[in-house]
Amino acid sequence: MAALTRLFRSTTTTQNAAASFIHRSLTTAAATQSVTPRIDPKGRNVQWVFLGCPGVGKGTYASRLSALLGVPHIATGDLVREELSSSGPLSKQLEEIVNQGKLVSDEIIINLLSKRLEAGEAKGESGFILDGFPRTVRQAEILNEVTDIDLVVNLKLPENVLMEKCLGRRICSQCGKNFNVASINVKGENGNPDISMAPLLPPSNCVSKLITRSDDTEAIVSERLRIYNEKSQPVEDFYRGLGKLMVFDLPGGIPESLPKLLEALNLDENEDKRSATA
Ligand SMILES: [Zn+2]
């Protein structure tokens with residue numbers, strides 16, 4: 001409770017409203033806990049967190065699953081961008097932080113997230129998939145105090161696959177579409193299956209206009225992964241300790257991985273039904 005008390009001691013009226021909302025959510029949520037993912041286990045929809053290092057495709061999987069389950073896909077990066085482009089109460093403060101190249105504080109992120117959840121509840125939303133949050137153990141502790149996370153899905157790819165994938169990224173300088181020229185075929189190590197990913201090739205009119213992002217170099221990607229691993233390890237350990245962490249080794253790209261992920265989440269039946277009625 002200490003983190004929450006500390007957090008909300010320094011809050012404004014708006015933040016107190018958000019705090020009371022999340023307290024209300026906490027007290028109305030059923031007390032049962034289960035690690036086995038199910039839809040609607042508590043008279044509400046799923047409340048999941050997706051973890052995964054940059055390049056793993058976490059946003060894509062989170063977005064596909066949220067569409068399937070009818071829950072919002074809440075990416076904290078989007079919340080920050082939306083607040084920045086709005087005239088919201090935090091936009092000025094955020095602008096300064098971002099312009100100075102500083103990290104957005106836990107308090108601001110929690111505040112944006114609380115506001116988003118509150119607005120969602122007002123519209124009748126139930127459940128969520130969080131993407132990009134929590135990033136630190138402190139954020140995880142605060143989240144744990146204010147709401148009931150059912151499951152944390154940690155998406156994994158071997159580092160050499162991630163590297164190839166990041167180095168293969170291309171953007172069309174004309175239409176802005178993203179492609180990937182890497183054709184990945186990596187032999188599985190330690191008894192793990194091989195991983196293959198087909199490239200996502202551009203149409204002929206984009207080919208001559210492809211550019212590589214300046215930060216998709218081997219050195220920068222490997223530094224990004226190192227920093228991510230260093231920060232995410234304690235968050236993974238935190239959820240492992242709560243019995244809520246599900247590690248999922250992606251067997252390839254989305255076509256290979258999505259069905260297996262749905263199966264692991266006991267959602268494959270749901271998917272069949274959806275396809276049948278589509
Ligand atoms: Zn193009």
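Only the coordinates and a few stated rules stand behind these numbers; no lab work does. Just so it is clear, the structure is predicted and the values come from calculations on it, not from any experiment. Because the Cβ atoms are built from the backbone with ideal geometry, glycine has one as well, and the counts that use them run over all protein chains shown.
How far apart, in nanometres, would the label points at residue 209 and residue 242 be if each is projected 7 angstrom from Cα along the Cα-to-Cβ direction?
4.5 nm
What does the charge count near residue 179 come to, summing +1 for each Lys or Arg and -1 for each Asp or Glu among other residues with Cβ under 11 Å from its Cβ?
Combined, the nearby Lys, Arg, Asp and Glu give +4.
Can you find, among 205, 163, 180, the residue farthest towards the positive end of the dipole of the stretch 160-211? Put +1 on the C-beta of Lys and Arg, -1 on that of Asp and Glu.
205
From the Cα gyration tensor of the stretch 55-103, with a ≥ b ≥ c the square roots of its eigenvalues, which class applies: rounded if a/c is under 1.5, or else prolate if a/b is larger than b/c, or else oblate?
Oblate, because a/c is 1.5 or more while a/b does not exceed b/c.
Straight-line reach from residue 156: which lysines have a Cα under 21 Å away, not including same-chain ones fewer than 8 places off?
Within the straight-line cut-off, residue 156 pairs with 58, 165, 187, 231, 244, 260.
About the Cα centre of the stretch 160-211, what is the dipole size in debye to 20, counting +1 per Lys and Arg Cβ and -1 per Asp and Glu Cβ, all else neutral?
300 debye
When you count, for each residue, the other Cβ atoms within 10 Å and take the mean per peptide, how do 146-156, 89-99 rank with the highest first?
146-156, 89-99
Roughly how many whole Å is it from the C-alpha centroid of the stretch 72-142 to that of the stretch 192-222?
Here the answer is 30 Å between Cα centres.
Treat each spin label as a single point 7 Å out from the Cα along the C-beta direction, and report the residue 156 to residue 196 distance in nm.
2.4 nm
What is the sum of charges around residue 101, taking Lys and Arg as +1, Asp and Glu as -1, for the other residues whose C-beta is under 15 Å from the C-beta of residue 101?
Result for the neighbourhood of residue 101: -2.
Pull out a ≥ b ≥ c, the square roots of the eigenvalues of the alpha-carbon gyration tensor of the stretch 151-278, then state rounded if a/c is under 1.5, prolate if not and a/b is larger than b/c, and oblate in the remaining case.
oblate
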